[in-house]
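Worksheet: the structure to be examined is printed underneath.
The values are calculated or read from the model by the stated rules, or taken from the named source; none is laboratory data. None of the values given here were measured: they were computed from a predicted structure. For neighbour counting, all protein chains shown are included, and Cβ atoms are generated from backbone atoms with ideal geometry for every residue, glycine included.
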Amino acid sequence: MKGQSIIYFKVKNIKDENLIKSIQFEIFSILDEGDENLVAVEDFGDFDVLYLFLEEYKIQKFMNILDKFGVLLETGDITEDVLMARKMGKEFTETFEMESFRKILERFIEKNLTIDLVLDKINEQGIGSLNEIDKKILEDI
């Protein structure tokens, strides 16, 4: 990996504006100006889903903030599943249908996909599973 991961967060849907502002203030304090690929958020009623495209140490800080405010329900590293183009859940699919979020995802894949992962994908899913980004990685070797 080239330093970034994609982490899935399922958090409580917060209605309290003051709590939202407090969480946002702390989250923005850990971000750098270059963290443009930060978060894709989708509201699913009782909970929200967030996807972070950040370095591991920032993800841990982000997780600590959500824990501190008692809003974290579930989390998981989905980096390899995304890079291998494995079937993802409904929340992921719906979130990344939006063009701006899809572009963030594509940039992440282009920066983090390796030849080893493409070869693993061929072994796991077959040569027909390759997409344009996979093919570009193979052509570049």
Residue count for the stretch 60-89, restricted to those that are of a type in the set (D, E, K, R) and over 21 Å from I14 (Cα atoms): 5
Could you count how many residues in the stretch 94-123 are exposed (fewer than 11 other Cβ atoms within 10 Å of the Cβ) and either over 21 Å from the mean Cα position of the chain (by Cα) or aliphatic (A, V, I, L, M) (or both)? 1
Would you mind listing the helices (runs of 4 or more DSSP H) fully within the stretch 61-132 where at least 2 residues are in contact with a strand residue (DSSP E or B) (Cβ under 9 Å, 6 or more places away or on another chain)? 79-83, 90-95, 99-112
Looking at the stretch 1-28, which of its residues are within 17 Å of Y51 (Cβ to Cβ), of a type in the set (A, V, I, L, M, F, W, C) and either touching a residue at least 40 places away in the same chain (Cβ under 8 Å) or touching an Asp or Glu at 6+ places or on another chain (Cβ under 8 Å) (or both)? M1, I6, I7, F9, V11, I23
I141 assigned to a helix (DSSP H, G or I) and free of Cβ contacts under 8 Å to residues at least 60 places away in the same chain: no
Matching residues in the stretch 1-27 - criterion: being at pLDDT 90 or above and in a helix (DSSP H, G or I): E17, N18, L19, I20, K21, S22, I23, F25, E26
Residue under evaluation G76, criteria (1) within 24 Å of L117 (Cα to Cα); (2) in contact (Cβ under 8 Å) with a residue 60 or more places away in the chain; (3) surrounded by 13 or more Cβ atoms within 10 Å (Cβ to Cβ), criterion not met: (3)
Quick one: how many residues across the stretch 14-30 are surrounded by 12 or more Cβ atoms within 10 Å (Cβ to Cβ) and of a type in the set (S, T, N, Q)? 1
Quick one: is Y57 in a strand (DSSP E or B), free of Cβ contacts under 8 Å to residues at least 60 places away in the same chain and either out of contact with any Pro (no Cβ under 7 Å at 6 or more places or on another chain) or farther than 19 Å from V11 by Cβ (or both)? no
Identify all residues within the stretch 31-71 that are surrounded by fewer than 18 Cβ atoms within 10 Å (Cβ to Cβ), of a type in the set (A, V, I, L, M) and at pLDDT 85 or above; write none if there are none. M63
